[in-house]
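Since every read-out is calculated from the coordinates, none of them should be taken as a lab result. As the structure is a prediction and not an experimental result, all values here were calculated from the model. Here Cβ is always computed from backbone atoms with ideal geometry, including for glycine, and neighbour counts include all displayed protein chains.
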């Protein structure tokens, strides 16, 4: 017999979904649905994405059970029923991320102690870019980069907001999370709605009761699962569930507490309906705002239906299994899952996710080659892993290390580690060699910052005092040069080819810096061709050093030379920095703190272009503005900075720089595609994600 009920959904146009049969979800007469759930018309393709993620994780040797995930035979995939009106091209990557998140939650929620929990949730931080230097294998990193890139490509602005909301969402165990931001941003990302900040703010008090109802719905259906986990861990992690609270506050049995929670959920849903109707009547919101509310109601209904029937919370539910048709449906390209790790002997190993260094014989320790015994340097610790503490010589070098340790402690993007991971997808460098290269590149990078700040007379680095301001110029120089010696010791544990690469690119880096200093000191403007070559030597030097040493240590693709790509990438990094430094709008209050290139007297892309245009016109005004810093203790006054920026704007220097960056980005993408075809198989997703994030829009 058909069930007749009146639902309270706000009428909206349905473009991509169909309704669930009422008899499929109205199975508890004591707990009726306030809103009618729907399912995406492409549920099968969304389900296939979940299975795709699970297959990828198995091939990447995921440690632990994969659990249930998003798949549900009764309600449909979690994402298909939560966001039934989402655009398919946006739902596909979002489903992959959600499947990963559910599997991650299963792992994290089983951890007994806070310390185990903290270690476990670090794996998800790396997915959103919080820690790009995790030790997971190349497959896992490539999988994460691929899906992050797909999300960014689907909706760049929405993706940024989604990942921003997702980070705090991962900080705590799943029962304790605040759903407000993540639900809102996930819905906006996948749907065809747009809300400005004022509309979001005005909606918060309206949707709050419905969000509370969604959180309480999770508590209602996860109660037995959470009790089992609580008992399994002997209460070492706190129970955070509304039924638990009601049970103890009201001093009632479990069944009565569940009944009270049902009533509260229904009350919150009806409270939302009243607030929604008042809001629409008094505020006359836009069509996008009303559609957002309707979609949120579908999310609440779908969330409940999925929780009520998922194997994750209900032992009676059928165990999910892939359908026979899954191979013929749309799938995400799985080039990343073709990447394999290697053993220390360079052979591929498809069964281990990392080199088991603690099981290797002692002859795998890395030592200097052909050097006197007194200079032998062991770079592996007792477990065979690279030991960065070898940087120190038993405390006698504490003072000389202080400036370096200070600069290394300042916040940084760590993009160099992402670059090493990307290159390793091609070269498959043995783990111990890769760790040495990673450490050396980090030292050279930080050391160059110390010297750059001294040579540019820059008092600030990353918003903090420069190392020479804290420790004195002489001590900072001494610390930097000491690190060069230590780096050479580390590199000599690698092949002779790596040593040659290190010394050559380090020399080129200093030659490039000498040209920069020469132009600045003599106020001599280089040509664009000279400047581009200098950026490839200086900024690109570190990239070329990393790629060259990894190529020298490679166990695969020794015929793939990434030097040209690294040169172009180094040029792009520098020109992008040039553009950002001078194109950022500074207000009257902070002109002293912005446009650092004008203070330092550096010749950068917009400045070189403006001087060239001025020379063509036979003028000298802009050149005289630049020379004014010599009359002002080698610092440009705020008034002169404002005038310099205006002159560059009038001569089209920023437009020129932006167009050049766009062309260079396309050139880098083309170079990357050629290397991908040569290296195979498929795309280098980590590099592609790096390029996407660097793109000037």
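If N is the number of residues in segment 562-697, what value comes out of its Cα radius of gyration divided by 2.2 N^0.38 Å?
1.26
First check a/c for segment 596-652, with a ≥ b ≥ c the square roots of the eigenvalues of its C-alpha gyration tensor; if it is under 1.5, answer rounded, and if not, answer prolate when a/b is larger than b/c or oblate otherwise.
It comes out prolate by the Cα gyration axes.
Roughly speaking, what is the stretch gain from residue 398 to residue 473, that is 0.36 nm per residue apart minus the C-alpha to C-alpha distance, in nm to one decimal?
Gain on stretching residue 398 to residue 473: 25.3 nm.
Return the FRET efficiency for the residue pair residue 88, residue 666: r is the Cβ-Cβ distance, R0 is 25 Å, and the value is rounded to the nearest 0.05.
That gives a FRET efficiency of 0.35.
Stretched out fully, how many nm does the piece from residue 254 to residue 6 gain, at 0.36 nm a residue minus the Cα gap?
Separation in residues times 0.36 nm, less the Cα-Cα distance, equals 86.3 nm.
Modelled label-to-label distance, residue 263 and residue 282, 7 Å Cα→beta-carbon offset: nm?
Rounded to a tenth, the inter-label distance reads 2.9 nm.
Grab the Cα-Cα distance for residue 198 and residue 561, subtract it from 0.36 nm times how many residues apart they are, and report the gain in nm with one decimal.
Stretched fully, the residue 198-residue 561 segment lengthens by 125.6 nm.
Hey, any idea what the orientation-averaged projected area of the convex hull of segment 205-260's Cα atoms comes to, in nm²?
4.4
Hey, for a label at residue 627 modelled as a point 7 Å past Cα toward Cβ, could you say which residues of segment 523-556 have their backbone N under 20 Å away?
Residues 523-527 fall inside that zone.
Between segment 408-451 and segment 594-631, what's the alpha-carbon centroid distance in Å?
The two parts, judged by their Cα centres, are 35 Å apart.
Which value, to two decimals, describes the C-alpha radius of gyration of segment 459-538 once divided by 2.2 N^0.38 Å?
Scaled against compact globular proteins, the figure is 1.37.
Grab the beta carbon distance between residue 227 and residue 270, set R0 = 41 Å, and tell me the FRET efficiency rounded to 0.05.
FRET efficiency, residue 227 to residue 270: 0.90.
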